[in-house]
1. Please compare each pair in K190/K231; K178/K231; K20/K102 to a cut-off of 19 Å on the Cα-Cα distance and tell me which ones are over it.
2. Between L195 and K101, what is 0.36 nm times their sequence separation minus the Cα-Cα distance? Round to one decimal in nm.
3. With r defined as the distance between the Cβ atoms of N164 and S216 and R0 fixed at 30 Å, what FRET efficiency is calculated, to the nearest 0.05?
4. Give me the one-decimal nm value for the distance between modelled label points at Y44 and S182, 7 Å along each residue's Cα-to-Cβ direction.
5. Specify the longest stretch of the chain that does not include any exposed loop site, a site being one of the GluC sites (Glu not before Pro) with a non-H, G, I, E, B DSSP assignment and at most 16 other Cβ atoms within 10 Å.
6. Quick check: residue separation of K173 and D11 times 0.36 nm, minus the Cα distance between them. What number comes out in nm?
7. Which parts of region 38-53 would a label at S94 reach, counting a residue when its backbone N lies under 15 Å from a point 7 Å out along Cα-to-Cβ?
8. What are the ³J(HN,Hα) couplings of region 198-210, residue after residue, when phi is run through the Karplus curve with 6.51, -1.76, 1.60 and θ = phi - 60°? Round to Hz, x for glycine and proline.
Amino acid sequence: MEKKSILLVDDDEVVRTMIKGFLEREYNVLEASSYSEAIKLLRYPLDLALIDYILPDSDGFELLKAIRDEKLALPAIIMTGYSNEAVVIKALRSAVADYIKKPIKLSYLRMRLSEILGGEWTNEHTENVGTKEEFILDGTVAYIEEKYMKDLSLNRISRMACMNRFKFCRAFKQRFGKTFTSYLNHIRIKKASELLKNPNLSVTEIAFFVGYGSFSQFMRVFKTIYGVSPKEYRRM
């Protein structure tokens, strides 16, 4: 089935990166950081617009008006860090599909997109996250789970989260109960354990496929987590 397309408009590059990384496996995501950039993307087929309330050259509702002139029936979600009554009323009068207070919980966003656009995603944890930092960390984990086979160094991921190494490591462990390295290793080794069920793949191929540049490191981490070597696990 062809992916549906979402126009994501937010001037915060970190927020855009996190949302796009979380959604792009299921949707085509077109990015814009301003009203003027978003207008240029209206020539493309779109299924939904996800718009920040505050934009550098306008606001989300002005953009929504322009979108409705071009694509009258296009559903839209307004995201905002403001929750005053005037903004809520404006959102309701604009007939938006949803109004989400930032920082949003990514699982809630995906659930609402599935409900609006059609899909099977459901999740009982639909509350908003408490801080932008939590939003960024949740997005980072979603990125790790999607790109675990890539070169995901601590330096690269902490830069993506716009934190220094120390702050990122502390915040990550506080939120997820594991260090970044431990979390990544568990994801990779879990995937490796699934691949070991395929007798056509060698242990070496699996090691490099799940992201390890060193076969000996893969063997060591696998045995630490499962208590046996990959070959023994395969026989079991």
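1. Values: K190/K231 15 Å; K178/K231 27 Å; K20/K102 16 Å.
Going by Cα-Cα distance, K178/K231 fall outside the 19 Å limit.
2. Details: separation 94, 0.36 × 94 = 33.84 nm, distance 4.03 nm.
Stretched out fully, the L195 to K101 stretch lengthens by 29.8 nm.
3. Numbers: r = 30 Å, r/R0 = 1.01.
Computed FRET efficiency for N164 and S216 comes out at 0.50.
4. 4.0 nm
5. Working: sites that count: E2, E24, E26, E120, E124, E127.
It works out to 128-236.
6. Numbers: separation 162, 0.36 × 162 = 58.32 nm, distance 2.85 nm.
The span from K173 to D11 would gain 55.5 nm if fully extended.
7. Correct set: 38-39, 48-53.
8. Rounded to whole hertz, the list is 8, x, 7, 9, 7, 4, 5, 4, 5, 4, 6, 5, 7.
Coordinate-derived values only; no laboratory data. What you see is a predicted model, and the numbers here were worked out from it, not measured in a lab. Positions of Cβ are backbone-derived with ideal geometry, glycine not excepted, and every protein chain shown enters the neighbour counts.
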